[in-house]
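Some notes on the structure that comes next.
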Amino acid sequence: MTPESTASALTGTQNAPASNAPLTLAEFDEFAGAIMANLESVIDGKTEAATLALIVLVAEGHLLVEDVPGVGKTTLAKALATSVGCSVARIQFTPDLLPSDVTGVSIYNQVDHAFEFKRGAVFANIVIADEINRASPKTQSALLECMEEGQVSLDGTTHPLDRPFIVVATQNPIEMEGTYALPEAQRDRFMARISMGYPDAAAELSMLHQRELASPLDKLTAVVDKQQLHAMIETARSVYVSRAVESYVVSIVQATRVHPEFRLGASPRGTLHLVRAAKVLAALNGREFVVPDDVNELVVPVLAHRIVATRRAASDSRGGGSQAIADALRAIVASTPVPLNRSRSV
Amino acid sequence: MSASRRRSAAQQRREEKTGAWKSTLAVAVAIGAALIGLTPLLQGFGWWFATMAMVVLLLGVAATLRGRGVPEVTVVAVTAIVWGGLVVVLYAGSTLWFLLPTLSTLTDISGDLADARLSIAQQEVPAIADGAITQLIVMSVGLIAVIADELATGLRTPVLSGIGPLAVLAIAPLVRKTEPNVAVYVLTAAAFLAVIWCSSRIGSGPPRLKTRPTVKGGRNPALAFGIAAGAVATMIVLPAITPGLTAESLADDGSGNRFPSVYATGIDPTIQLGRDLRRSDPVLSLTYTTTSTEGLYLKMVNLGDFSGGTWQPELPLNAVGYDGQDFGTPPGLAPDVPVEEVATTVSIASLRSDWLPLPYPTKRVDELAGTWLLTPTSFTVTDLQGDTRGLNYQVTGLAVNPTAGQLAEAGAVVPDAVHDYLALPDDLPAVISSTASEVASGAVTNYDRAVALQEYFRSGQFRYSLAAPVSGGYDGDNAQMIAAFLEAKEGYCVHFAAAMAVMARTLGIPSRIAVGYAPGQTADGTTEGRPVFEVYTDQLHAWPELYFDGIGWLPFEPTPGLDITPPDYSLPDYALAGGAGSSASNQSTSTATADPNAQRDDQQNAFGSLTPEQILMGQIRGWGTFAAVLGGIFVVVIAPWTVRWARRRSRLRRLATDELPGTLAWTEFEDTLDDYRVQRSAGDTMFDLERRLRDDVELPEPAIDRLRRQVEYEQYAPPGSADGPTRERIRSDLVALISALEGRAPTRERYRARLLPASLWRRRRTATPTGTLVP
């Protein structure tokens, strides 16, 4: 991709080349760098969270951002959406939100004497589901079904969602009163969960200066159009995963299922997500193949939210359940032998 | 996920403690089992319990300290101090307040060590575990146990710890020439395998210099077992293929002129006999019953050659295999001399000799087990195995009963066959021949002269003394010493025998010295109605035999003060009394003596019968063995280095052709890291390792980065992707990394890494993490 075409991507969203031909790693890196720059301009000192958001975006997963209020969850989700020249919808989940508000509704058109499908908020490339745990389980389910199926079924009609389709859900783990925490089965549908964490002093200071006049979000423009995002997705998909790395992933996931501190281990979908995310990370690192390091880096964000710790482990750990799970996952990674074939034949 | 991975840290620590205890216990068992191998050498079991008490105490201290999480260095230091303290307490009567060693303590220790050395050197096996020997064993085996335990439990190098039991086990085959005790070997080997097993199961890898998580799954019990099996095989094979390797060729008894009787089989039995003789507590050598009315001299070997001025043993030069045939007519025995057959049954108890004790003259030996050689000229029987213990055999001997007339006529001429027994050195001191002619001046026949010589020694002028020749500086049997003995008139059997034999030669009577056992004394019991004679180690004896043509060799008894009655015929009144038909015979010379202690004798100067050339040869052989042992130790020490070096060399060579050159180089790099005990975990990715090496070890970054990327390409990239750096580049990177690792290590660590390369006994990461999958 040339600088000119990048410029066109920045100005007009729809006139990019239509081909989804995989990019070279250099092009991939260029786009990724642009998106990262955008993300980092709005959330200071959160490179890890930003990278994970980008990985989930390119891996076509869904992202669960979980943290206390005011640390930039929604900002990150918005910045991600804005950076990519795609349609963006934002749903503020409230207890009275109805499933039809999410998926859409059939309305009788008195002019045409026919039912007409009014698309819900979910018909967008990037859906920001703010405070997803505030909605009723029924509404949550509607969204989660869309996430899994990539389509909306209503009155016997299937309405496919536009690709890419990415849900960035945020959730506040502290203020739990009157909320409906996502059940394990539904958390499993998110590719990764990230916590924003508080910014450090320097980052918080620079944030003060930046936001004195205007929200940095307002200055954000799309740096990648839909076609380019598709191309990035295709590129990431074509990253090679060797058998050795595959079995490495499998042994890590299987280890979570027998770990004494876990009541529930990671699902096979977790395995799938881990490999897909690792592919993107490999591409981000400028490699056309996955190495165990890519996997290791993603084990905690990709697997942790799928795992249920035993009560004992959760109460033993100072940081509560999620801290115990992260520690145990890191221990599993540290003790799983990294595959190294001494000869080609093995 | 294997079970061990899932354990909590606390559990792991607990298991590590239990594992360390088990390992230490296994070491103690292995040492104990190996110690049993010493039983053929030492009598009783007191020494075993004493030693094991020491071992258990020391290892208990070490294990307790480890159980409390004390650093390994402290464990070693404290155990060593305890050992040192116990040594001081054991040896010291002269400590300050029982604790602080004083200067005289050190003197005591060195004195006791010298005693132990002497005691070991002097005793025949099985030796009595006297205080000195027990202390030495307790001390040294205690130290061996501590070292073995440190190797197995502390440093987790169980294969090396086998050196401990091996050292203990090696003593017996080295000292004895007999077959190794297979049961003890198997027991020790089993205990040794248990050591390896326990040590490799302690939990985490070897303790690291830094306190980082240790290597997981870094042990390879299979490899360790393989090496151990090889070591055990060596243990068994080594003594078998080096029969010459005995303590006799290694040790020195303090007299300075030992001859390695293993090499010199059949040359000089007096070495072993000398040691028998000097035992403070005599051991039963043999018993016999005989149809003779009196006890018998049992001769083993003749010292017949004095031409060089020193008495030399007769070599079994023209020996023939002995298969129960008749010995033939004794040399010089005329058919008209009355003889009667004497049947004797000999049961050998603890005597170990290359020579068979036989009465002279023997006609035939029956029921003799083993392979034996008969020297027809000297009537001595020898073998190559040197182990007479436990033998039972029947001797048909002759009692020669010459009449007084025959005695008077005998020995007038000296046949050519025995002319050698007249040989004298040119520089024989005049005092010997002058004394001889003076003593024999009144005698007419050769027989009379012989009787006069014996009478001269027994007349009261001479005194029996073990000490006088040593203090007087004439302890030996060469010509000068015999002259000195004649001046001093004090000595023991060898001096009397040698002096009388030499003097007889100056008078023209062929003579030689017989070495063997005095007749012993009757025991309480009887066998088939006949008295049983018991002969103890201190009844070793030397006596002259004189040749009279027509009768043959007749023994005389010039040594006074031993309660051995001289043969009747050798007494001055025998001829006068008419002699014939009396019970005198040249076999039965003595009535049983009541007090075995009265027969104390010493054979020490029999060693003096070796020529300087022989001594030199012995020393050369001794040094040769010493060099061989040193060489063996060197080979053992250098073996791991060699294997490691060869492995590296082979890998560097294969770098040029291997299809995964980066991986090969990385494998070598990881091995080198292991050698230098750089922290590494199987869960580390190569990048993790690289990062840590960059930060902690400061290795050249571009080299390791290039190498790591190459390995990643080889391992994880789609087949056929672009090649990375050239093979030369890989090789130079690897060499740079290795030299950087070596360069940053202190000299001591570098030597340790080369001599004990840990990568040789550490399992490499497996290709697929199958071990972690739970079905």
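The values are calculated or read from the model by the stated rules, or taken from the named source; none is laboratory data. Not measured: the values here are computed from a predicted model. Neighbour counts run over all protein chains shown; Cβ positions are idealised from the backbone, glycine included.
State all residues of the range A:276-293 that are within 13 Å of another protein chain (Cβ to nearest Cβ) and of a type in the set (Val, Ile, Thr); if no residue qualifies, say none.
At the first step, the residues of the range A:276-293 found to be within 13 Å of another protein chain (Cβ to nearest Cβ) are A:278-279, A:281-282, A:285-293.
Across the range A:276-293, the qualifying residues are A:Val290, A:Val291.
Before we move on, is A:His305 within 23 Å of A:Glu66 (Cβ to Cβ), at the interface with chain B (Cβ under 10 Å from one of its Cβ atoms) and touching a Lys or Arg at 6+ places or on another chain (Cβ under 8 Å)?
Criteria not met by A:His305.
Considering only residues that are basic (Lys, Arg) and under 21 Å from the mean Cα position of the chain (by Cα), look in the range A:136-192 and name the one that is modelled with the lowest pLDDT.
Restricting attention to the range A:136-192, the residues satisfying the condition of being basic (Lys, Arg) are A:138, A:163, A:187, A:189.
Retained after the next criterion (residues that are under 21 Å from the mean Cα position of the chain (by Cα)): A:163, A:187, A:189.
Values: A:Arg163: 81, A:Arg187: 86, A:Arg189: 88.
Ranking the candidates gives A:Arg163 first.
Identify all residues within the range A:327-342 that are within 7 Å of chain B (Cβ to nearest Cβ) and within 14 Å of A:Gln254 (Cβ to Cβ); write none if there are none. Show your work before the answer.
Pass one, the range A:327-342, residues within 7 Å of chain B (Cβ to nearest Cβ): A:333-342.
Result: A:Val333, A:Ser335, A:Thr336, A:Pro337.
Please go through the range B:522-559 and give me each residue that is touching a residue at least 24 places away in the same chain (Cβ under 8 Å), closer than 26 Å to B:Val339 by Cα and outside any strand (DSSP E or B), ordered by number.
B:Glu528, B:Asp549, B:Ile551, B:Phe556, B:Glu557, B:Pro558 - these are the residues of the range B:522-559 that are touching a residue at least 24 places away in the same chain (Cβ under 8 Å), closer than 26 Å to B:Val339 by Cα and outside any strand (DSSP E or B).
Mind checking whether some residue in the range B:549-570 is under 18 Å from B:Glu455 (Cβ atoms), in contact with a Cys (Cβ under 8 Å, 6 or more places away or on another chain), buried (at least 16 other Cβ atoms within 10 Å of the Cβ) and modelled with pLDDT of 70 or more?
For the range B:549-570, residues under 18 Å from B:Glu455 (Cβ atoms), in contact with a Cys (Cβ under 8 Å, 6 or more places away or on another chain), buried (at least 16 other Cβ atoms within 10 Å of the Cβ) and modelled with pLDDT of 70 or more: present.
Can B:Asp733 be described as more than 14 Å from every other protein chain (Cβ to nearest Cβ) and at pLDDT 85 or above? Please lay out each step first, then the result.
Details: more than 14 Å from every other protein chain (Cβ to nearest Cβ): yes; at pLDDT 85 or above: yes.
So B:Asp733 fits the description; yes.
Across the range B:329-376, what is the total count of residues that are part of a loop (DSSP other than H, G, I, E, B) and without any contact (Cβ under 8 Å) to a residue 60 or more places away in the chain? So that I can check it myself, show each step before the final result.
Of all residues in the range B:329-376, those part of a loop (DSSP other than H, G, I, E, B) come to B:329-332, B:334-338, B:349-354, B:356-357, B:359-361, B:367-372, B:376.
Going one step further and asking which of them are without any contact (Cβ under 8 Å) to a residue 60 or more places away in the chain, we end up with B:329, B:335, B:356, B:367-372, B:376.
Final tally of qualifying residues: 10.
Could you grab me the full set of residues in the range A:68-96 that are part of a strand (DSSP E or B) and under 20 Å from A:Gln227 (Cα atoms)? Spell out the reasoning first.
Of the residues in the range A:68-96, the ones part of a strand (DSSP E or B) are A:84-85, A:88-92.
Residues satisfying the conditions are A:Val84, A:Gly85, A:Val88, A:Ala89.
Any residue that is at pLDDT 70 or above, farther than 30 Å from B:Gly304 by Cβ and under 26 Å from the mean Cα position of the chain (by Cα) - is there at least one of those in the range B:610-626? Reasoning before the result, please.
If we filter the range B:610-626 for residues that are at pLDDT 70 or above, which is where we start, we get none.
Scanning the range B:610-626, I find no residue that is at pLDDT 70 or above, farther than 30 Å from B:Gly304 by Cβ and under 26 Å from the mean Cα position of the chain (by Cα), so the answer is no.
Check whether at least one residue in the range B:696-711 is within 11 Å of chain A (Cβ to nearest Cβ), modelled with pLDDT under 85 and either touching a helix residue (DSSP H, G or I) at 6+ places or on another chain (Cβ under 6 Å) or surrounded by fewer than 17 Cβ atoms within 10 Å (Cβ to Cβ) (or both), and report yes or no.
To start, the set of residues in the range B:696-711 that are within 11 Å of chain A (Cβ to nearest Cβ) comprises B:708-709, B:711.
After this cut, where a residue has to be modelled with pLDDT under 85 as well, the list is none.
Taking every residue of the range B:696-711 in turn, none turns out to be within 11 Å of chain A (Cβ to nearest Cβ), modelled with pLDDT under 85 and either touching a helix residue (DSSP H, G or I) at 6+ places or on another chain (Cβ under 6 Å) or surrounded by fewer than 17 Cβ atoms within 10 Å (Cβ to Cβ) (or both).
Quick check on the range B:671-695: of everything there that is within 14 Å of chain A (Cβ to nearest Cβ) and part of a loop (DSSP other than H, G, I, E, B), which residue is farthest from A:Val249 (Cα to Cα)?
Selected residue: B:Gln679.
Those residues that are in contact with a helix residue (DSSP H, G or I) (Cβ under 9 Å, 6 or more places away or on another chain), within 9 Å of chain B (Cβ to nearest Cβ) and either part of a helix (DSSP H, G or I) or among the small types (Gly, Ala, Ser) (or both), I need them from the range A:257-271; list them, please.
The one that is in contact with a helix residue (DSSP H, G or I) (Cβ under 9 Å, 6 or more places away or on another chain), within 9 Å of chain B (Cβ to nearest Cβ) and either part of a helix (DSSP H, G or I) or among the small types (Gly, Ala, Ser) (or both): A:Val258.
A quick yes/no check of all residues on (1) outside the structural domain of A:Ile35 (by TED's automatic domain parsing); (2) without any contact (Cβ under 8 Å) to a residue 60 or more places away in the chain; (3) surrounded by fewer than 21 Cβ atoms within 10 Å (Cβ to Cβ):
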residue: A:Ala53; (1), (2), (3): no, no, no
residue: A:Leu57; (1), (2), (3): no, no, no
residue: A:Val65; (1), (2), (3): no, no, no
residue: A:Val68; (1), (2), (3): no, no, yes
residue: A:Lys73; (1), (2), (3): no, no, no
residue: A:Asp101; (1), (2), (3): yes, yes, yes
residue: A:Asp112; (1), (2), (3): yes, yes, yes
residue: A:Arg119; (1), (2), (3): yes, yes, yes
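Could you check how many residues of the range A:238-256 are farther than 14 Å from A:Ser335 by Cβ, within 7 Å of another protein chain (Cβ to nearest Cβ) and not hydroxyl-bearing (Ser, Thr, Tyr)?
Counting residues in the range A:238-256 that are farther than 14 Å from A:Ser335 by Cβ, within 7 Å of another protein chain (Cβ to nearest Cβ) and not hydroxyl-bearing (Ser, Thr, Tyr) gives 2.
Only helices (runs of 4 or more DSSP H) wholly contained in the range B:377-467 count here; list those with 3 or more residues that are modelled with pLDDT of 85 or more. Reasoning before the result, please.
Working: elements: B:404-409, B:430-439, B:446-458.
Fully inside the range B:377-467 and qualifying: B:430-439, B:446-458.
Filter the range A:272-302 down to the residues that are of a type in the set (D, E, K, R) and assigned to a helix (DSSP H, G or I), then identify the one that is nearest to A:Glu27 (Cα to Cα).
Out of the qualifying residues, it is A:Lys279.
List every residue pair whose Cβ atoms lie under 6 Å apart, where the two residues are 6 or more positions apart in sequence or sit on different chains, the first residue falls within the range B:316-328 and is farther than 17 Å from B:Pro361 by Cα, and the second residue, located anywhere, is at pLDDT 80 or above and exposed (fewer than 13 other Cβ atoms within 10 Å of the Cβ).
none
Of all residues in the range B:654-670 being at the interface with another protein chain (Cβ under 7 Å from one of its Cβ atoms) and in contact with a helix residue (DSSP H, G or I) (Cβ under 8 Å, 6 or more places away or on another chain), which is nearest to B:Arg709 (Cα to Cα)? Steps first, answer last, please.
Applying the first criterion (at the interface with another protein chain (Cβ under 7 Å from one of its Cβ atoms)) to the range B:654-670 yields B:659-660, B:663, B:667.
Still in the list and also in contact with a helix residue (DSSP H, G or I) (Cβ under 8 Å, 6 or more places away or on another chain): B:660, B:663, B:667.
On the way: B:Leu660: 13, B:Thr663: 10, B:Thr667: 14 Å.
Ranking the qualifying residues of the range B:654-670, first place goes to B:Thr663.
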